[in-house]
Structures are given as structure tokens and as C-alpha cells.
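Here it is: the structure, laid out below.
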Amino acid sequence: MKKFVFLASILLSFALQAQQTLHIIPEPVSLELQKGSFRIDPSTVIAYNTKNKDVEPTVLFLKEYIKRITGTTLEINTKKNKIIRFEIKKLSEIGDEGYLLNVNPNEILITANTPKGLFYGVQSLIQTLPLSRTNSVAEIPCMQIKDYPRFQWRGLMLDTSRHFFAADMVKEFIDLLSLYKMNVFHWHLVDGAGWRLEIKKYPKLTEQAAWRIDDTGKPWNWSGIEFSADNTKSIYGGYYTQEEVKDIVAYAKARNITVVPEIEMPGHTEALLAAYPELSCNGKVHFGNQDVFLASKVDGSFCAGNDKAFDFLQDVLSEVMALFPSKYIHIGGDEVNKDNWKVCPKCQARMKSEGLKNEEELQSYFIRRIEKIVVSKNRKMIGWDEILEGGLAPEATVMSWRSEAGGIEAAKMGHDVIMSPASPLYLDYYQGDSENEPQAFGGFNTLKRIYNYEPIPKELTTEQAKHILGSQGNLWTEYITSREEVEYMILPRMLALSEVVWSPKEKRDWNGFNLRLKPHLTAFDQKGFRYSKGNFKVDI
Ligand code: TNX
């Protein structure tokens, strides 16, 4: 018996050592550690087929990373005997985003069906490198990894309307996503608090709607300082130029991230309507509505009876679709205040002529008209789950946020769904006891609750479950004004989410995750990232 305990403790300590050296998040599908190691030193070369231009960014990404850690600049495609080799070839089982990573003493071989897969292989590889600067060498244990994602949609949303974050910060956000194999950056570009995207045809959107205005119509800060002294806190507003957007989209693409833009309608449009009041029901200018907490006011919706509103949106969406190559375009659709529609003669006339029974059906009419615009450009429309009310547009994808109910209903109807229920996936909620955390929106979405989230509801059959494209965390920024706060709210919860959307369900293991998490937190400390240390008296 004693012998057995001794043996078990040795085995356990080996297991722990293995855990400590390899702490890949999200957990790969299969990982087998072997004896020995590959040593990256100045005699190592990176090899790939230069005919495949799409592999180059990944090669350069790895080269840059190794230089940062070891100080060594590796040569590319020269003749040396220690090789980090990239290869695209036909592989079954691992799909479009999967990869194989084989490390032996003389070669690191990353193979995949696509450049995307190679990129994820590199992301796993760099998680096996030392965290901090070494002396020109780095050891990587010999191993074999086979890996591919569980879901195709692995998203995170950032609200840049309630508070504006400069383009560089958006890139940092994208960097964090890519480290953990997330592949969708949902960019909430506009809301009641401010319009943040340059639209050439409608200059008042950025001259006026991007900046806060007080009750008298006076800009809070028309020409003065837009940022705090350290350039990180946005105070009054701001917007992204089309050039910045193109740059961000390309930056994201090089990291395998699709940028899905969201243009909110018909509600959450206070800032826009203050600049273009003719698109509202009563045509009046409503200043002072841009307070971050005042969205969805009575006068905050497009007039659904006014064709000018649809012409405007057609123009806006065509500029948006030219900027964003994403297959999906998000059109919001949540929390529409329909009170003005009830008393608007044009809206009532529209309901009569279209045979619509109530304002919910008018909302559905609005969204269906917008879907036609999106579909005409070969794109797909996504909306928040309120778009189910009054009848779902024929090809819509539903982002289920109030709970999973909307997503379940849509999947049963044969529509695609992204699960993003506020509980537990809203990252603007508290991570721990509120007295230990900065002010948050409310509710508790602890690391553990996110880790244990299952995107496929039990109510769905296997066939229906295929409509669940994946899952997403949302960071609304009513209370969040700075880069530090953004980091704090997504770290480390995004790591838990990455495992929910990437790793096989049966591999989910809360204790194992906590062990693997530790070195990542150390890395955040070294990089100066802020994150919640999780004072979770509430262990939920
Ligand atoms: C609901 S989620 C909203 C947002 C708020 C958020 C705060 C959704 C589609 N609408 O406008 O910022 O709650 O948690």
C-alpha cells in the first residue's frame, strides 16, 4: 500500500510537471508529451514554401516572437539542420482551422490544411516557449499535438460607442483575441451614445454624432481635448476613419480574425438622430440623449414609415460592406423603443398598407427590408434576439443575448444562432464580489461560470444543434473608459471562454484549467496587463 502511495505521488508529480511545462489554453484536442526537447538557438531556421503567400504573416509572427524571447533573429529558408517547418497538405479530420504540431529534437513540424491552421499551430507553439526573455536559446519539449476547434464562431464583442477607444487599442484587443484562438471580433461601432464610423456620404455622423452634446445642443467639447492626458481615456467621443478601419480589418485578418461590424437599428440611434432628425418620427432634434445610460429612449428609433430612413441605411450599409469583407453584417435590432411608432402617422400608414397587425410586426418589416439590402451584396445578416419578434427575417442569424430562449427558438426554426446569453457571457458584469471589483454593470459572471458554460442547449436535437455556430462574450462599456479597464474585464475570463468554444466538451476540467491558467497570469503580470485576480467569495 505504501509502495502504491509512493508510486502514485511520483506519477502525480510528473503529471504536475507536465502541466507546468505545457499549459496551452485553449486545451488542445490531443497532446502527447515525449522525451527530449527541441532547442531554438541561432542555428535554427524557419522553412516554408514561399509560393504560399498567405503563410508568410504567420512565419513572420513566429520569427518576431522568438526574437522577443531569445533575442535571436532566425533565418528563413536557408540550409541549416534544425528546422521549424511549415507545411500545407491535405489532412483529414482536422478541418479548416486545425493543425498538427510535432516536436522532435531536430525538427518542429506544423502541418495544416490551410494557413489558418498553421497560425493556430504557432499560437500553441509560442505558449510552450518560456514566458520571459531567455539567453538566446529556448527549449521546447518533444510532443505531438492534434488540434481543431469545436465551434466556428469564437467571438468577443467590444462596444466602442458608449466609450470610444482609439484604433491602437482596438488592435491590442485583437492581439489578445488571437493569442487564444478566438476568431471573431464583433465591433459594436454605433449606439445611442455616439456614432463612431466615418461615412463619406453623411459627414454630420462624424462631425456631430460622434461627439457628446448637452441638452442645449452645445457640444460638451467641440474642439478641445478628446482624450485624457495619458491618451488612454476617452472622455467626449471620437470616431474611426475609413483608413483606420481598413488597417484594423487587415491587422485582424493577419491574425485570423474576422471583424464583424454592427450598425444598430432601428433603436439605439439617439446620437445619429440628433444629427439627422429628419430620419426620426417627429423630425425634431433631440439633444442631450447621448448619455451612455440613456439608450432606447422614445425618440431614439428610426421612423419605420419613412423611406428616407431606408435610403439612408442603404447608403450607410453599402459603405460598411465595402469596408468590411466579413460574410456577416450585424444590424443590432435590440431594445427598440416603439412608442413613437404608435403615434406616428407615417408608421401607422405603413402598417396599414403592409397589413401589419402591430408595432412588433412593423419592427420585423423594418429588419426584413434591411436584410434584403445585406443579402443583395451576398452577405448574411445577424441581429440580436429581438429580431424574432413579429416574425424572423428569412435568412437571419440570431445572436441570443437575453437568455438562450431566442437562440433555441431560432435553431428549431432552422436558423443559425450564436449563443451569447448575458448570464454568464456578459463581460461587463462582475467577476467577483462587488466590493473588491471596479464598478460593473451588475450581475455575477465569474470565471467559473463562464468556464462551465455549454453553448449547445439540451433542448435541441443533433440536427438542430448544428445551427449553433458558436458562442461569444460581450463587453459593453457604459462603465468602462480605459484600456486598463477593458483588459481587466476580459482577463482572465476570455481564456475560460476560449476553452468553451475551442476545446472538446469532454476535455473541460475546471481544476486542470486553473493549473494551466497560472503561467498565463504570470505572463500578464510581466506584460503589464491588468486582470481580475478574482476575489471570489461568491464561488459560482
Ligand atoms: C443590453 S445586449 C444591451 C446593451 C447594454 C447591455 C448592458 C444588448 C443587445 N443590449 O445596450 O449595453 O445590456 O449589459
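Seen from all sides and averaged, what is the projected area of the convex hull of the Cα atoms in the chain, in nm²?
28.3 nm²
If you filter the stretch 472-540 for trypsin sites (Lys or Arg not before Pro), then keep DSSP loop positions with at most 13 other Cβ within 10 Å, what is left?
LYS533, LYS537
Can you flag which of LYS116/LYS246; LYS146/LYS327; LYS458/LYS533 are past 22 Å Cα-Cα?
LYS146/LYS327; LYS458/LYS533
Can you tell me how much longer the chain between TYR65 and LYS171 gets when fully stretched, taken as 0.36 nm per residue apart minus their C-alpha distance, in nm with one decimal?
The TYR65-LYS171 span can extend by a further 36.5 nm.
If you don't mind, another one. Nothing charged except the Cβ atoms of Lys and Arg (+1) and of Asp and Glu (-1): what's the magnitude of the dipole of the stretch 121-200 about its Cα centre? Round to the nearest 20 debye.
Charge dipole, the stretch 121-200, about its Cα centre: 180 debye, nearest 20.
Among DSSP beta bridges lying fully in the chain, give the percent that are antiparallel, nearest 5.
35 percent
Still on this structure: Tell me which of GLN439, GLY36, ALA422 sits at the most positive position along the dipole axis of the chain, charges placed on C-beta atoms (Lys, Arg +1; Asp, Glu -1).
GLY36
Report, in whole Å, the centroid distance computed from the Cα atoms of the stretch 298-355 and the stretch 465-540.
Cα centroid of the stretch 298-355 versus Cα centroid of the stretch 465-540: 35 Å apart.
Give the whole-number value, in cubic angstrom per residue, of the convex hull volume spanned by the C-alpha atoms of the stretch 386-540.
Spread over its residues, the Cα hull of the stretch 386-540 gives 125 Å³ apiece.
I want to check the label-to-label distance for LYS357 and LYS284. Put each point 7 Å from Cα in the C-beta direction and report it in nm to one decimal.
3.3 nm
Okay, next question. Below 16 Å, Cα to Cα, which aspartates and glutamates can LYS80 reach? Residues fewer than 8 away in the same chain don't count.
Straight-line reach from LYS80, under 16 Å: ASP41, GLU107.
How much mean residue ellipticity at 222 nm does the chain get from its helices, if each DSSP H run of length 4 or more adds -39500 (n - 2.57) and you divide by all residues, to the nearest 500 deg cm²/dmol?
That comes out to -10500 deg cm²/dmol.
Follow-up. On a 0 to 90 degree scale, rounded to 10, what angle separates helix 167-179 from the longest Cα axis of the chain?
50 degrees
What is the distance, in nm, between label points placed 7 Å from the Cα along the Cα-to-Cβ direction at GLU454 and at ILE76?
4.5 nm
Provide, as a two-decimal number, the C-alpha radius of gyration of the stretch 96-218 over 2.2 N^0.38 Å, N being how many residues it has.
Ratio of Rg to 2.2 N^0.38 Å for the stretch 96-218: 1.56.
Can you spot the lysines whose alpha carbon is less than 28 Å from LYS352's alpha carbon? Ignore those fewer than 8 places along the same chain.
LYS284, LYS297, LYS308, LYS338, LYS342, LYS372
How much length, in nm to one decimal, is gained on full extension between THR462 and ASN436, taken as 0.36 nm per residue of separation minus their Cα-Cα distance?
Extra length available between THR462 and ASN436 comes to 5.1 nm.
I'd like the GluC sites (Glu not before Pro) in the stretch 441-540 restricted to DSSP loop residues with at most 14 other Cβ atoms within 10 Å, sorted by number.
Loop-located and lightly packed - GLU459.
Specify which residue in the list LEU74, ALA252, SER326 is farthest towards the positive end of the charge dipole of the chain, using unit charges on the beta carbon of Lys, Arg (+1) and Asp, Glu (-1), about the Cα centre.
Positive-end residue among those listed: LEU74.
Also, I was wondering about something else. Using mean Cβ contacts within 10 Å as the protection proxy, how do 339-347, 45-53 order, highest first?
339-347, 45-53
For a Förster distance of 35 Å, can you work out the FRET efficiency between the beta-carbons of LYS246 and LYS90, rounded to the nearest 0.05?
About 0.55, to the nearest 0.05.
What Cys residues in the chain are without a partner cysteine, judged by a Cβ distance under 4.7 Å?
Result for the chain is CYS142, no neighbouring Cys Cβ within the cutoff.
Also, I was wondering about something else. Need one number: nm distance between label points at VAL137 and ASN49, each 7 Å from Cα along Cα→Cβ, rounded to one decimal.
That separation, rounded to one decimal, is 3.4 nm.
I would also like to ask the following. Applying a 10 Å radius around every beta-carbon, put 299-310, 97-108 in order of their mean neighbour count, most first.
So the peptides 299-310, 97-108, ranked by packing, come out 299-310, 97-108.
Any idea which of THR160, ILE126, PHE185 is furthest toward the positive side of the dipole for the chain, if Lys and Arg beta-carbons carry +1 and Asp and Glu beta-carbons -1?
ILE126
Laboratory data are not the source of any read-out in this text; all were calculated from the coordinates shown. Because the structure is a prediction, the values reported are computed rather than measured. Virtual Cβ from ideal backbone geometry, glycine too; neighbours counted across all protein chains shown.
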